[in-house]
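One structure is given below, encoded as structure tokens.
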Amino acid sequence: MPQSSANSQKLAHGLCAIFGSDRVSQSNPDRLAYSRDMWPQTLLALRDDRPMVYPPDFVVWPESTQEIVELVKFAARDRIPIVPWGAGSGVCGGAAATCGGIIVDLKRMNRLLSISIEDHLAAFESGIIGQTLEDTLNIRGLTLGHFPASIYCSTLGGWLATRSAGQFSSLYGNIEDMVECIEAVTGDGRVLKCHSHDQPELAQILVGSEGTLGIITAAEIRVHPLPSHRIFHAYEFPNVTSGMEAMRRIMQRGLKPAVLRLYDRLDTLLARSGGQGAMNNLLHSATNQLPFSNTRVAKGLHRTVFKTALGHAGLLGKLAENVMPNLKGGCLLILGCQGEKTLTETEITLCHAEMIAMDAKDLGEEPGLEWYKHRYDVSYKQSPLYASSGFADTMEFATTWKRLPALYESVKRALSPYALVLAHFSHAYQEGCSIYFTFAAASEGRHSSENLYNEIWRQGLSAAIKVGATISHHHGIGVNKAAFMAHEHGESMAIFRQLKKNIDPQGILNPGKMGL
Amino acid sequence: MSNPAQIASKMAEIVGATHVSTQPSDRKRYRGMKPSVVVWPATANEVARILMVSIELNAEVGVTGANTRQEHWTRIGSQHRISLDTRRMNNILNLDETSLIVQAQTGIRFGQLEAALTRQGLTLGSFPRAIHFSTLGGLLAHSPAFARSALTGRIADSCLGLSVATTTGSVFTTKIVPRRATGPDLLRVFLGSRGAFGVITDAVMRIMRLPEQELPLIQVFPGLRQALDAVRNIFVAGIRPSHCQILNSKKAATILEPLGLPNTLWESNVERSPAVVLAALSGPEVVVEAQSQVLENIFEQAGSSETPDELTNLWWKHEKSIPDEEPKGIAHTAGAHFRYSDLQALDKSLFRPKLEILIDQLNIHGGIIWLSTTNSKSQKTISKLNEAFIDIGLVPVGQDFPTLAQEMRQELDPEKILLTPQWLTANQSSFGPLGPLRQEE
């Protein structure tokens with residue numbers, strides 16, 4: 001592991017003066033633990049036994065905004081990078097200490113600051129874990145309505161910093177819609193508070209800034225009553241085109257279903273087989289039929305078949321595309337509505353009518369309930385894939401309804417030579433929708449996987465940009481997509497740089513990210 | 001320093017001589033700004049060139065649209081001023097009916113854009129009549145608190161994309177997507193910035209289809225507190241009316257009596273000071289029907305009385321009509337953002353019968369309270385009301401330009417050529433700790 005590059009003694013002394021020695025670490029185990037977030041590029045490095053490339057010099061655990069102010073002022077003196085850290089579950093390398101420096105783990109700042117049921121507002125420190133925040137609200141009959149798949153391993157600060165979206169966004173909105181007031185420490189050590197009623201609304205420049213403009217320390221968020229009723233339903237469409245049209249019609253009638261998710265054929269097939277680990281599960285099922293299924297031979301066979309299949313993922317995808325139309329089963333759509341009883345029943349009736357008008361088959365409530373029960377499972381089924389020389393990742397693009405079919409076709413075409421590609425459509429709006437592409441591939445050798453991974457991303461991002469889509473709907477930029485920020489923003493990237501210069505004059509906040 | 005003739009000559013090279021004027025008859029329209037030259041560009045590129053050339057000429061630029069607001073312009077130096085009037089930039093550039101978005105130049109008047117959309121069965125949303133004569137650019141740059149739809153929020157919230165001419169002479173255009181996580185929302189730098197950072201030249205706005213069904217309602221409550229409680233319960237039930245305002249008796253008299261509604265509906269006496277809720281539901285027929293049933297229960301519990309349909313329809317017809325003429329004069333009104341938990345303090349200090357009280361921009365968290373008076377010394381009274389708001393911890397509307405935004409001007413307009421309204425110096429401090437806002441119950 002690379003040795004810490006900063007003047008360690010001086011830094012350690014200064015940090016201990018702020019936090020006390022028990023909340024400062026430069027031990028190798030801690031540096032290793034905080035050397036990566038969940039960016040698959042770093043998981044590949046770990047698997048392929050490549051050296052850790054992003055160990056921080058120090059890790060600190062503040063307990064107050066004032067400590068962070070002191071830290072920033074201290075670090076600014078010698079231009080030492082500071083990287084804010086929530087739960088480290090970001091998938092773009094946004095929390096990796098690419099320039100060394102100090103990781104600031106905010107999870108000790110996890111208090112409820114205030115709550116008002118009368119105003120439906122609550123204020124929390126930013127280090128609170130998402131599910132804990134939701135539980136705190138639920139016992140008071142409230143909900144934030146924000147349910148990212150990472151809710152158990154992400155923080156409020158992380159949500160705000162990455163501009164996250166949750167699975168119920170078509171009803172409750174996204175995280176930027178939930179912010180009433182935000183508190184952050186700027187790169188020059190000032191405590192900034194931005195209210196939603198400020199004009200211009202500068203809270204919205206902190207949201208999504210991924211720690212490059214300020215360290216978010218607290219936020220007041222807008223909450224809602226817990227719904228009294230919830231109804232799920234599922235449908236099967238003959239193709240994605242009719243499913244997309246049904247989604248568009250529903251959103252443009254002003255209806256607000258909490259959940260509206262359409263899976264393409266391949267994703268439907270695998271979803272019906274048990275979720276994203278489904279390919280693994282399919283092979284498991286197949287090898288379990290063999291008489292020697294519990295032997296090492298069977299397990300080895302399983303791994304070989306899996307690796308071979310993913311190593312020719314492009315061919316597999318082509319095969320799937322050719323075979324799919326002849327298979328039974330179409331594209332699954334999950335619908336969920338919730339709220340006051342009469343209103344919920346009315347809404348689901350209208351949504352149902354739109355589905356049937358677009359030739360959907362009614363599958364009843366069971367698939368929807370099943371989805372709801374397992375909606376967070378997919379994130380935790382990656383290990384067997386990586387162990388079999390494979391890897392997977394997701395791309396989440398968004399565009400207007402008019403361009404959505406072209407986005408789907410363009411990205412699938414771009415990725416298919418390299419990977420097995422599934423897609424689902426979710427986070428629907430009146431004017432457009434997001435497409436969530438999952439890709440899986442395999443390659444042998446330390447650098448081969450990295451090269452293939454990077455090429456897949458290059459192809460996918462280029463295809464998305466070509467049709468005018470955004471390069472990220474909700475995962476953020478980090479390191480992974482930084483090279484494409486200029487394409488995304490064009491000349492307005494200069495505005496981002498000017499903001500950075502204004503708020504973080506020494507450039508110490510999460511340097512090396514977002515193309516800055 | 002350049003003189004007006006030199007400035008006019010340079011402007012003519014950009015926009016053509018017929019679209020530049022130094023005539024007093026043209027300049028007097030912008031008397032708050034006192035320009036030496038007026039210029040009427042037609043495109044974003046012309047605007048960008050004007051800004052670049054203004055730096056060379058050491059001239060300040062004030063952007064005007066419909067000029068419906070009487071502003072006092074900050075006087076920074078002794079430079080000449082150019083009034084950049086956007087009224088020639090009034091074209092609809094693109095209408096995407098599949099995605100329900102429209103792109104228009106920002107010199108277009110709101111009413112003009114809305115009329116064009118209505119002809120196609122579309123609408124920007126249920127915004128107040130008062131903004132019909134304002135330009136789209138003016139509404140986006142100023143994002144006035146009253147320019148808000150109960151259903152869709154501030155007009156700026158309907159904006160999906162912008163083209164902005166900057167003082168570097170370039171025009172950048174943001175990508176048109178429903179939503180993205182690619183850094184700070186750069187749109188928000190310009191929306192509500194009062195033209196301090198650049199000139200918005202065109203905007204992409206969300207639109208919607210004309211509602212399938214609309215149901216207007218007028219309910220009279222025993223008092224403001226009861227009306228606010230009921231409205232809060234409407235939002236708690238998950239209903240978002242397309243129109244929602246609360247008026248006290250005095251305000252109801254000002255707004256509703258001229259329409260022919262009898263004052264017996266809201267007449268105030270010693271024992272009661274009623275409040276009137278003006279609301280509307282819109283959407284698919286069965287949804288409106290379901291929502292109205294929920295509202296009926298809420299109103300019944302609150303002890304309100306319904307207004308006969310023929311009177312409600314009088315109000316609604318007026319509300320939906322296009323205004324014939326621009327609003328005249330200055331409304332002496334003080335407004336402040338409030339939360340429902342502020343009501344006790346408001347009731348104690350500001351719910352006075354002599355004041356006209358209008359409450360709107362309501363949602364599940366609170367709203368904005370507007371106080372106006374016909375007092376002849378109204379400006380002084382308004383200042384006192386603003387002080388009273390601050391005393392009870394509320395933020396007056398218009399004193400919400402954050403200090404950080406002032407700092408950003410150093411980066412985004414380093415030559416300080418963009419004129420902004422003088423009242424921007426009254427600011428909302430961006431700095432200080434959050435602190436507990438309410439005590440946990």
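Worth pointing out:
- Projected label points at A:Ser8 and A:Ser448, each 7 Å from Cα along the beta carbon direction, are separated by 3.8 nanometres.
- For chain A, the longest principal axis of the C-alpha atoms and the axis of helix A:493-503 are separated by about 40°.
- Residues considered: B:Glu319, B:Glu300, B:Glu114. Largest GNM mean-square fluctuation over chain B, using C-alpha springs under 10 Å, is found at B:Glu300.
- Residue ranking by accessible heavy-atom surface, 1.4 Å probe, largest first, among B:Lys10, B:Lys34 comes out as B:Lys34, B:Lys10.
- Averaged over the residues of A:494-503, the number of partner chain Cβ atoms lying within 10 Å of the residue Cβ comes to 6.
- Projecting the Cα atoms of A:Leu142, A:Ser116, A:Ala95 onto the charge dipole of the stretch A:90-143 (Cβ charges, centred on the Cα centre) puts A:Ala95 farthest toward the positive pole.
- A cut-off of 5 Å between modelled amide H atoms, ignoring neighbours fewer than 5 places along the same chain, links B:Val37 with B:Arg81, B:Ser83.
- This model, with +1 at the C-beta of Lys and Arg and -1 at the C-beta of Asp and Glu, gives chain A a dipole about its Cα centre of some 1300 debye.
- Residues of the stretch A:491-514 with amide N under 11 Å of the 7 Å Cα→Cβ point at A:Arg79: A:506-508
- Within the listed set B:Pro308, B:Pro41, B:Pro184, the residue fluctuating most in the Gaussian network model of chain B (springs between alpha-carbon atoms under 10 angstrom) is B:Pro184.
- Taking every protein chain into account, the 1.4 Å probe leaves A:His195 with about 30 Å² of accessible area, to the nearest ten.
- The label point for B:Ala130 and the one for B:Val236, both projected 7 Å from the Cα toward the Cβ, are 2.9 nm apart.
- Across the stretch A:91-250, the mean sequence separation of Cα contacts (distance under 8 Å, 6 or more residues apart), normalised by length, yields a relative contact order of 23 percent.
- Backbone N under 11 Å from the B:Glu56 label point (7 Å along Cα→Cβ), restricted to the stretch B:1-34: B:10-11, B:13-14
- The HN-Hα couplings worked out from phi for the stretch B:289-299 by the Karplus form 6.51 cos²θ - 1.76 cosθ + 1.60 (θ = phi - 60°) are 4, 5, 5, 5, 5, 5, 5, 4, 5, 5, 5 Hz, whole numbers, x standing for Gly and Pro.
- For q = 0.15, 0.17 Å⁻¹, Debye-computed log10 I/I(0) when each Cα of the stretch A:411-516 counts as one equal scatterer: -0.77, -0.92
- Taken over the Cα atoms of the stretch B:186-240, the convex hull encloses 189 Å³ per residue.
- For the stretch A:359-375, the Karplus equation 6.51 cos²θ - 1.76 cosθ + 1.60, evaluated at θ = phi - 60°, returns couplings of 6, 7, 9, 7, 9, x, 8, 4, x, x, 5, 5, 4, 4, 5, 10, 5 Hz by residue, with Gly and Pro reported as x.
- For B:Leu355, neighbours were defined as the other residues whose beta-carbon sits under 10 Å from its Cβ, and their charges (Lys and Arg +1, Asp and Glu -1) total +3.
- For chain B, modelled as a GNM whose springs connect Cα atoms under 10 angstrom apart, the maximal fluctuation among B:Ser36, B:Ser292, B:Ser341 occurs at B:Ser341.
- Entries of A:Lys256/A:Lys412; A:Lys373/A:Lys481; A:Lys73/A:Lys193; A:Lys256/B:Lys175 with Cα pairs more than 21 Å apart: A:Lys256/A:Lys412; A:Lys373/A:Lys481; A:Lys256/B:Lys175
- Here the stretch A:341-465 yields Rg over Rh of 1.06, to two decimals, using C-alpha coordinates and the Kirkwood radius.
- When only Cα pairs below 8 angstrom with a gap of at least 6 residues are kept, chain B shows a relative contact order of 16 percent.
- With distances taken between every two different alpha-carbon atoms, the protein assembly as shown has a Kirkwood hydrodynamic radius of 29.7 Å.
- Surrounding net charge for A:Arg222, when Lys and Arg each add one and Asp and Glu each subtract one, Cβ distance under 12 Å: -4
- Counting, for every residue in A:108-120, the Cβ atoms of other protein chains within 10 Å of its Cβ and taking the mean gives 5.
- The stretch A:229-268 versus the stretch A:178-213: alpha-carbon centroid distance in Å: 35 Å
- Debye, to nearest 20: dipole size of the stretch B:73-144, +1 on Lys, Arg Cβ, -1 on Asp, Glu Cβ: 380 debye
- Shielding by partners - mean other protein chain Cβ count within 10 Å, residues of B:141-151: 1
- Point-to-point label distance, B:Gln6-B:Arg225, nm (Cα→Cβ direction, 7 Å offset): 6.8 nm
- Across the stretch A:213-223, coupling constants 3J(HN,Hα) worked out from phi with the 6.51/-1.76/1.60 Karplus curve, θ = phi - 60°, read 10, x, 9, 6, 10, 7, 8, 9, 10, 8, 10 Hz, and Gly and Pro carry x.
- Computed about the Cα centre, the dipole magnitude for the protein assembly as shown is approximately 1880 debye when only Lys and Arg (+1) and Asp and Glu (-1) carry charge, each at its Cβ.
- Cα-based equivalent ellipsoid of the stretch A:150-196: semi-axis lengths in Å, sorted from largest, via gyration tensor: 23, 14, 7
- Theoretical gain in end-to-end length, A:Arg111 to A:Gln506 [0.36 nm per residue, Cα-Cα removed]: 139.2 nm
- Cβ-based net charge around B:Val288, under 11 Å, with every Lys or Arg adding one and every Asp or Glu removing one: -4
The values are calculated or read from the model by the stated rules, or taken from the named source; none is laboratory data. All values derive from a computational prediction rather than experimental measurement. Note that we place each Cβ from the backbone using ideal geometry, even for glycine, and neighbour counts take in every protein chain shown. These area figures cover heavy atoms from the full protein model, side chains too; ligands, DNA and RNA do not enter into them. Shrake-Rupley method; radii C 1.70, N 1.55, O 1.52, S 1.80 Å.
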